Amino acid sequence: MATKTRKAVPGAAKRPAARKVPVKPRRVLLLVATRKGAWLLHGDAARRSWRVDGPHFLGHIVNHLVLDPRDGRTLLAATKTGHLGPTVFQSTDRGRTWKEAARPPAFAKAADGKGRVVDHTFWLTPGPASEPGVWYAGTSPQGLFRSDDGGVTWSPFSHINDDPKYIEWMGSVQDGTPDGPKLHSIIIDPRDPKHMYFGMSGGGVHESVDGGKTFAPLVDGMQVVEGFDPAVITFHDPHCVRLCPSQPDRLYQQNHCGIYRLDRPSRTWVHIGQSMPKKVGDVGFTMVVHPRDADTAWVLPMDGQTVWPRTSPGGRPAVYVTRNAGKTWQRLDAGLPMEQAWWTIKRQAMTADARDPVGLYFGTTSGELWMSRDEGQRWTCIARHLPEIYAVEAAELA
Amino acid sequence: MKVLIPSPLRPYTQRSWVEAEGSTLGAVLDDLDRQFPGIRFRMVNEQEALRPHVRFFVKGEALFRLSEPLQPTDELLIVQALSGG
């Protein structure tokens, strides 16, 4: 179907000169995980042409593909096939060769054999620079795992996988998303590796200040579905949580019930999505933060009315940006289809690079990969006809 | 005994028929994992249950438990169900 696209608003692409920072020429590597394989897109210095490397793992369900920023060459891929058990693959040569984990994430064996079973590894987070080889993984159903050897062997991490209270908060499979409840958004405070966060869909946002020995809920201010009690942790459904690298005391969150910001040490999330246009609403999956400006963040709303179509509202996709920490939002749709575009993006499928101006990237459920070289003012489709895109990561290569 | 490997698991074995030893289904799968690390976890979960859609047959009979006894002369057929798009 032919679709019209919007034009950029003249002058709208200009950003304050004060944000200009000197950066070495670097190239962006896009890591695209899909329902049927993974692709690597190598950008040129201008981010205008992209060399496609793939498919990797053709036919495998790849939920997340992440480059280790500590060495710039180790990749981990969270995969499974339609009917085989889940696993993790590691590449130490940026995808030329792959080796399967010797011990993928798996729950502890229960004495009665009725313990939980990992359906798939959903989220991968590299550990801090001070802990080379450390990775964290979140699974479906909700589980938290850690590797100390670069993703070769994985073990349950912290108390939460078997804690009766956490098991209660995770709810049953029936409480989760159609593709299973998930532990996601594993965040390590760049200033202190013992300070960690994660989110659970469902099951709320949680924080540890002791290196994962203990976690506690961090849900004050977050709304839940009408008629339910927000005091019950199970009912909270954060979709994506991001920490601002330029201001690690600030978190943004796209939740099932809106967009939120949290400025620590406060423990109360502020519902900043209330200033989104009412016709669009503030429901979505993804949340992207600016690498250098903690007042700037992007979302891509979806239709959360009635039966939750989870498509672009009105068939007119748009990114929304705030430049003032959520007080106001502006629509960014130049270059995007103006009508009859019914896709959306999943929680891991939108990201930013660290260039100036920041490049934004998102992958759609219809297999298109879009980018903006100017922080969302103008969008370009750089790949089509991929399988349903689950995750997009932008890595910076020297 | 001879074991037929389904195509989704052949990246581990590089061939369709392999040899494995064991007096039970579980023991044969253990031997397969010794030869082809990682293959067992794709078929058996961490609670020691056979994963859905992976089926095991000997002499036309389906096996549902890791404790099922096997003979050295048996041929074990591992079948991978495929469905959906």
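Miscellaneous remarks
- Computed from backbone phi with θ = phi - 60° and the Karplus coefficients 6.51, -1.76 and 1.60, the 3J(HN,Hα) list for segment A:278-294 is 4, 5, 9, x, 10, 9, x, 10, 9, 8, 10, 10, 6, x, 10, 10, 6 Hz; x is used for glycine and proline.
- Computed 3J(HN,Hα) for segment B:22-39, one whole-Hz value per residue from the Karplus formula 6.51 cos²θ - 1.76 cosθ + 1.60 where θ = phi - 60°, is x, 8, 9, 4, x, 5, 5, 5, 4, 5, 4, 5, 5, 7, 10, x, x, 5, glycine and proline marked x.
- Long-range Cα-Cα pairs in segment A:28-77 (distance over 17 Å), rounded percent: 37 percent
- Summed side-chain charge close to A:GLN247 - residues other than A:GLN247 whose Cβ falls under 13 Å, Lys, Arg +1, Asp, Glu -1: +1
- Centroid-to-centroid separation of segment A:62-114 and segment A:298-351 [C-alpha atoms, Å]: 31 Å
- Segment A:70-166 - convex hull of alpha carbons, volume per residue in Å³: 101 Å³
- Stokes-Einstein D (µm²/s) once Rh is taken as the Kirkwood radius of the protein assembly as shown over alpha-carbon pairs, at 4 °C in 1.567 mPa s: 55 µm²/s
- Mean per-residue shielding of peptide B:48-55 is 3, counting Cβ atoms of other chains within 10 Å of each Cβ.
- Most mobile listed residue (A:TRP50, A:TRP379, A:TRP329) in chain A, GNM with C-alpha springs under 10 Å: A:TRP50
- For segment A:331-398, the spherically averaged projection of the C-alpha convex hull amounts to 4.8 nm².
- Among the listed pairs A:LYS109/A:LYS165; A:LYS80/B:LYS59; A:LYS114/A:LYS165, those beyond 26 Å (Cα-Cα): A:LYS80/B:LYS59
- Between the residues B:TYR12, B:ALA49, B:PHE64, the greatest Cα displacement towards the positive end of the dipole of segment B:2-80, with unit charges on the Cβ of Lys, Arg, Asp and Glu, is found for B:TYR12.
- This ranking places A:CYS381, A:CYS240 by how few other beta-carbon atoms lie within 10 Å of each, fewest first, which gives A:CYS381, A:CYS240.
- Highest GNM mean-square fluctuation among A:ALA231, A:ALA110, A:ALA297, for chain A modelled with Cα contacts below 10 Å: A:ALA110.
- Karplus (6.51, -1.76, 1.60) ³J(HN,Hα), θ = phi - 60°, over segment A:89-95, in Hz, Gly and Pro reported as x: 10, 10, 10, 9, 10, 6, x
- Segment A:GLU131..A:ARG51, full-extension length gain: 25.6 nm, with 0.36 nm per residue of separation and the alpha-carbon distance subtracted.
- Burial ordering of B:ASP31, A:ASP353, A:ASP229, fewest other beta-carbon atoms within 10 Å first: A:ASP229, B:ASP31, A:ASP353
- GNM result for chain A, Cα springs below 10 Å: residue of A:ALA354, A:ALA341, A:ALA102 fluctuating most strongly: A:ALA102
- Dimensionless Rg/Rh of chain B - Kirkwood Rh, Rg from C-alpha atoms: 0.92
- In nm, spacing of pseudo-spin labels at A:GLN274 and A:ASP44 (7 Å Cα→C-beta vector): 4.9 nm
- Relative contact order [Cα under 8 Å, 6+ residues apart], chain A, whole percent: 14 percent
- Relative exposure of A:SER147, A:SER91, A:SER158, judged by other C-beta atoms within 10 Å (fewest first): A:SER91, A:SER158, A:SER147
- Net charge in the neighbourhood of A:HIS83 (other residues with Cβ under 12 Å of its Cβ; Lys, Arg +1, Asp, Glu -1) is +3.
- Considering helices alone, the calculated mean residue ellipticity of chain A at 222 nm is -500 deg cm²/dmol, with DSSP H runs of length four and up weighted by -39500 (n - 2.57) and normalised per residue.
Every number in this text was worked out from the coordinates using simple rules, so none of it is lab data. From a predicted model like this one, the values you see are computed outputs, not experimental measurements. Note that each Cβ is placed from the backbone with ideal geometry, even for glycine, and that neighbours are counted across all protein chains shown.
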